[in-house]
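Have a look at the structure below before the remarks.
The values are calculated or read from the model by the stated rules, or taken from the named source; none is laboratory data. This one's a predicted model, so the numbers in the text were calculated from it and none came from an experiment. In this analysis, Cβ positions are derived from the backbone assuming ideal geometry, glycine residues included, and neighbour counts consider all displayed protein chains.
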Ligand SMILES: Cc1ncc(COP(=O)(O)O)c(C=O)c1O
């Protein structure tokens, strides 16, 4: 028998990810399980008829854009439409400020490629979006956790020496927190002073249930040079995933023109260009006002679900967990009253009880934070959320977690 040749090993970073993520990503396929782990939109909000009509139309009307290769920076008309959408009295944007990505995740991946040498430092809002940690893992970065809610938070010290700072100021994933205006301003001032890139990742900006939206950091930054095309340190990222549908895989990065050029170099080695079909669909949807049309229904459904989840949590989980009711987004972040709570250990009990939630370790670059849970409220209706919370309470009982 001939011996099999030894094959080269997989890259080292692959061994540094974790299995917990896989468990909860696979949860949607387990029959009967209530999945409150993912950040998934409610599929009945997808504007199916409108998107089907737009898609049919653009395939016929724009054959070359839709079926050929397109420019790496994105369809020029879509870049113009996004520049118009995000311009404000403070912020002047031109096409050169806008880059189209294959949704938000690609923006994060390209950001790592253009900014990080192996081992370099990222200043990161803590806890942090799991997908961002995944995107940057191949570069083995080091992290400085920045806790924006800490009364002693010092923005200049937080940003100094980092390659970039990563924040999700609107209803952060996972914490659901809204960063206040003073802290936004402090971060922007510190980015200008230290020269650090300040990433403002904003997939949830339109999902606000109580109160008006707060100013974007890129707008605050643009006040320094009003009336001129944006050239500052803020890198603003968005996506259609939560505003229309994640299957479109259309997102954007808005930044200084030099940053856009760097992203284009990285995208050449990733996918050459975002799908022309979905870019054309996105453009037509934006021009037809589809986002504004479906937004009230989305907000109404999600607000009711958030409220139902929090009512059920008050009834069944308040002996074990503390949380704040989020004013937007998709998640409640619940912290164990007992500091020794280990939510990695809770997960198998939760799965056995028929519910899946995301443990805090996956949102911590070091994996050490095991005291909290991220609970999604957008994907299940009110009765499923209530039942999911009852099952979670059974998991706490089964694990014998002490009651406060
Ligand atoms: C903070 C944050 N950024 C980026 C994304 C990426 O989303 P997508 O790739 O679907 O645009 C998500 C998705 O949940 C997110 O929560």
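Does the range 57-78 include one or more residues that are in a helix (DSSP H, G or I), within 16 Å of the ligand (Cβ to nearest atom), touching a residue at least 24 places away in the same chain (Cβ under 8 Å) and in contact with a helix residue (DSSP H, G or I) (Cβ under 9 Å, 6 or more places away or on another chain)? Yes, because at least one residue in the range 57-78 is in a helix (DSSP H, G or I), within 16 Å of the ligand (Cβ to nearest atom), touching a residue at least 24 places away in the same chain (Cβ under 8 Å) and in contact with a helix residue (DSSP H, G or I) (Cβ under 9 Å, 6 or more places away or on another chain).
In this structure, residue 8 does not qualify as under 20 Å from the mean Cα position of the chain (by Cα) and in a loop (DSSP other than H, G, I, E, B). Listed conditions (1) within 16 Å of the ligand (Cβ to nearest atom); (2) over 27 Å from residue 144 (Cβ atoms); (3) buried (at least 21 other Cβ atoms within 10 Å of the Cβ) are all met by residue 43, apart from (3). If you go through the range 312-331 and keep only what is part of a helix (DSSP H, G or I) and either surrounded by 15 or more Cβ atoms within 10 Å (Cβ to Cβ) or touching a strand residue (DSSP E or B) at 6+ places or on another chain (Cβ under 6 Å) (or both), you end up with 312, 313, 316. When you scan the range 288-297, do you find a residue that is more than 22 Å from residue 170 (Cβ to Cβ) and modelled with pLDDT of 95 or more, even just one? Within the range 288-297 (the criterion being more than 22 Å from residue 170 (Cβ to Cβ) and modelled with pLDDT of 95 or more), the answer is yes, since at least one residue qualifies. Checking 282, 264 one by one, the residue that is part of a helix (DSSP H, G or I), closer than 24 Å to residue 94 by Cβ, under 22 Å from the mean Cα position of the chain (by Cα) and within 16 Å of the ligand (Cβ to nearest atom) is 282 and no other. Among (1) free of Cβ contacts under 8 Å to residues at least 60 places away in the same chain; (2) within 15 Å of the ligand (Cβ to nearest atom), there is one condition residue 183 misses while meeting the rest; what is its number? For residue 183, the failing item is (2).
With a requirement of 1 or more residues that are under 20 Å from the mean Cα position of the chain (by Cα), the helices (runs of 4 or more DSSP H) lying completely within the range 90-200 that satisfy it span 103-115, 130-136, 181-194.
Screening 201, 210 for residues that are within 16 Å of the ligand (Cβ to nearest atom) and at negative phi leaves exactly one candidate, 201. Consider residue 108 carefully, then state whether it is in contact with a strand residue (DSSP E or B) (Cβ under 8 Å, 6 or more places away or on another chain), under 22 Å from residue 246 (Cβ atoms) and within 12 Å of the ligand (Cβ to nearest atom). Taking the combined requirement at face value, the residue satisfies it. When the range 299-311 is filtered for residues that are under 29 Å from residue 85 (Cα atoms) and surrounded by fewer than 21 Cβ atoms within 10 Å (Cβ to Cβ), the ones remaining, listed by number, are 299, 300, 301, 303, 304. The set of residues from the range 18-49 being assigned to a helix (DSSP H, G or I), at pLDDT 95 or above and in contact with a helix residue (DSSP H, G or I) (Cβ under 6 Å, 6 or more places away or on another chain) comprises just one member, 45.
Name the single residue that is farthest from residue 197 (Cα to Cα) among those in the range 115-138 being away from the ligand (no atom under 15 Å from the Cβ) and crowded, with 18+ Cβ neighbours inside 10 Å. The extreme case among them is 116. The numbered conditions (1) under 21 Å from residue 166 (Cα atoms); (2) within 12 Å of the ligand (Cβ to nearest atom); (3) in contact with a strand residue (DSSP E or B) (Cβ under 8 Å, 6 or more places away or on another chain) are all true for residue 274 except (1).
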